[in-house]
Amino acid sequence: MTVNVGFLGGGFMTEVHSRGARLAGARIVGVAASSPESSQRASERLGLGRPYASAEELINDESIDLVHICTPNALHAEQAAAALAAGKHVVCEKPLGINRAEADELAAAVGDRVATVPFVYRFHPLVREARARMAAGEAGRLLTVQGSYLQDWMLAADDDNWRADVATGGPSRAFADIGSHLADLVEFITGDRIAAVAATSSVVHAERGGRRVENEDAAALVIRTAGGAIGTLLVSQVAPGRKNALVVEIAGSESSIRFDQENPESIWWGRRTGSVLLPRDPDQLCGDAQRLSIIPAGHPQGYQDAFNAFVADSHAAVHGAAPDGLPTFADGARAAAVTDAFLAAAATDGWVDLST
């Protein structure tokens with residue numbers, strides 16, 4: 001069965017999603033952007049089939065099986081809810097909702113449909129290898145976590161984007177946008193959940209595009225996990241020279257693991273004696289890491305490959321498969337809970353327990 005897909009949004013993320021959908025063998029039906037004119041432009045530029053006059057028209061098209069939502073953050077919850085109500089499967093960009101309540105409501109509404117969120121860094125083969133080794137106990141007891149996600153695309157005062165507007169981007173920017181990936185990777189690799197956070201944040205430029213900035217440029221968190229480990233997470237969109245520097249280092253009682261998203265072809269396996277760099281070589285990896293290694297060792301895989309694998313697994317789930325590690329709306333709601341805890345902690349300069 002071919003999956004018939006439609007896209008909401010006509011920007012960069014729609015382009016990324018559509019590449020994955022094509023490789024997954026989907027039939028691309030059409031696109032709805034912010035206006036009929038934008039839909040037409042996106043259709044022509046990206047080859048996305050029929051340009052719909054509105055999101056509602058696309059969602060209610062009975063020929064579409066799955067809707068990819070790639071619109072500004074404030075629209076995600078409304079559009080995802082409408083798509084689910086219309087009986088569609090959904091792939092929705094994060095954040096799933098601009099707060100935990102929105103995201104929880106969506107997660108509860110999924111029913112028997114496939115509903116996923118692109119935490120695509122899970123789909124680097126060596127992330128799966130790190131996860132498998134942690135689960136097998138090779139690192140020992142989890143002791144500490146050190147993570148950062150640094151970018152520089154909002155460094156200058158005249159750098160502007162709809163994400164910097166609370167009305168469209170939501171109350172959190174840097175953490176909701178990229179810190180959610182970092183928190184998801186920490187929990188995904190370790191199998192241990194963040195149980196409490198203390199945090200602070202900063203706004204570097206008080207105004208962008210002639211409007212007051214109310215969501216953060218940078219965030220720093222201290223975390224405690226359910227298993228008793230402690231750690232730090234640093235997130236910034238104003239770090240000069242850093243483009244997409246997502247790094248996670250996990251220390252266990254026996255070994256440490258370090259994954260660097262800008263250099264995803266190896267992971268560092270640290271030991272008190274005899275630390276090694278493990279390459280993305282299918283002959284040396286676990287089963288799921290082998291599955292995601294689609295080309296031979298020595299030929300680099302990257303972000304689009306990880307994204308393609310996420311889309312392929314989402315579409316396979318529509319066909320009835322149950323791929324391991326597929327991030328669902330429940331994972332999107334989890335990210336929203338961590339984001340809400342970060343915002344509360346940053347506002348009070350105190351600890352926030354995620355169990356509340």
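Descriptive notes on the structure:
- Checking 244, 263 one by one, the residue that is touching a strand residue (DSSP E or B) at 6+ places or on another chain (Cβ under 9 Å) and modelled with pLDDT of 95 or more is 244 and no other.
- Scanning segment 202-253 for residues that are part of a strand (DSSP E or B), of a type in the set (A, V, I, L, M), without any contact (Cβ under 8 Å) to a residue 60 or more places away in the chain and within 15 Å of residue 177 (Cβ to Cβ) yields one hit, 218.
- Unmet requirement for residue 215, which otherwise passes all of (1) closer than 19 Å to residue 239 by Cβ; (2) of a type outside the set (D, E, K, R); (3) touching a Leu at 6+ places or on another chain (Cβ under 6 Å): (3)
- Residues located in segment 59-75, provided they are more than 21 Å from the chain's Cα centre (by Cα) and either open to solvent by less than 20 Å² (accessible area, probe 1.4 Å) or closer than 21 Å to residue 178 by Cα (or both): 59, 64
- Where a residue in segment 338-356 is modelled with pLDDT of 95 or more and its partner, wherever it lies, is of a type in the set (D, E, K, R), with Cβ under 7 Å and at least six apart: 340/100
- Here residue 130 does not qualify as assigned to a loop (DSSP other than H, G, I, E, B), buried (at least 21 other Cβ atoms within 10 Å of the Cβ), of a type in the set (Gly, Ala, Ser) and modelled with pLDDT of 95 or more.
- Sole residue being charged (D, E, K, R) and surrounded by 21 or more Cβ atoms within 10 Å (Cβ to Cβ), chosen from 78, 93: 93
- Restricting segment 160-186 to residues that are in a loop (DSSP other than H, G, I, E, B) and in contact with a strand residue (DSSP E or B) (Cβ under 7 Å, 6 or more places away or on another chain), the residue that is most open to solvent (accessible area, probe 1.4 Å): 160
- Output for segment 259-278, where each listed residue is open to solvent by 20 Å² or more (accessible area, probe 1.4 Å), closer than 30 Å to residue 163 by Cα and outside any loop (DSSP other than H, G, I, E, B): 260
- Test: residue in segment 42-59 that is more than 17 Å from residue 9 (Cβ to Cβ) and in contact with a Gly (Cβ under 9 Å, 6 or more places away or on another chain): no
- Residue pairs whose Cβ atoms lie under 6 Å apart, separated by 6 or more positions or on different chains, with the first residue in segment 282-293 and β-branched (Val, Ile, Thr) and the second modelled with pLDDT under 95 and not in a helix (DSSP H, G or I), do not occur.
- Members of segment 222-237 found to be open to solvent by less than 10 Å² (accessible area, probe 1.4 Å), under 21 Å from the mean Cα position of the chain (by Cα) and hydrophobic (A, V, I, L, M, F, W, C), listed by number: 223, 233, 235
- Residue 20 passes every criterion in (1) surrounded by fewer than 24 Cβ atoms within 10 Å (Cβ to Cβ); (2) within 25 Å of residue 303 (Cβ to Cβ) apart from (1).
- Qualifying position, being touching an Asp or Glu at 6+ places or on another chain (Cβ under 7 Å), assigned to a helix (DSSP H, G or I), closer than 22 Å to residue 191 by Cα and not basic (Lys, Arg), among 313, 288: 288
- Tally of residues being within 16 Å of residue 90 (Cα to Cα) and within 16 Å of the chain's Cα centre (by Cα) across segment 310-341: 13
- Qualifying position, being out of contact with any helix residue (DSSP H, G or I) (no Cβ under 8 Å at 6 or more places or on another chain) and part of a helix (DSSP H, G or I), among 344, 336: 344
- Residue in segment 280-293 that is within 24 Å of residue 150 (Cα to Cα) and open to solvent by 70 Å² or more (accessible area, probe 1.4 Å) present: no
The values are calculated or read from the model by the stated rules, or taken from the named source; none is laboratory data. Worth saying up front: this structure is predicted, and the values here are computed from it rather than measured. Glycine also receives a Cβ, built like all others from the backbone with ideal geometry; neighbour counts cover every protein chain displayed. Note: areas computed on protein heavy atoms with side chains; ligands, DNA, RNA excluded. Shrake-Rupley method; radii C 1.70, N 1.55, O 1.52, S 1.80 Å.
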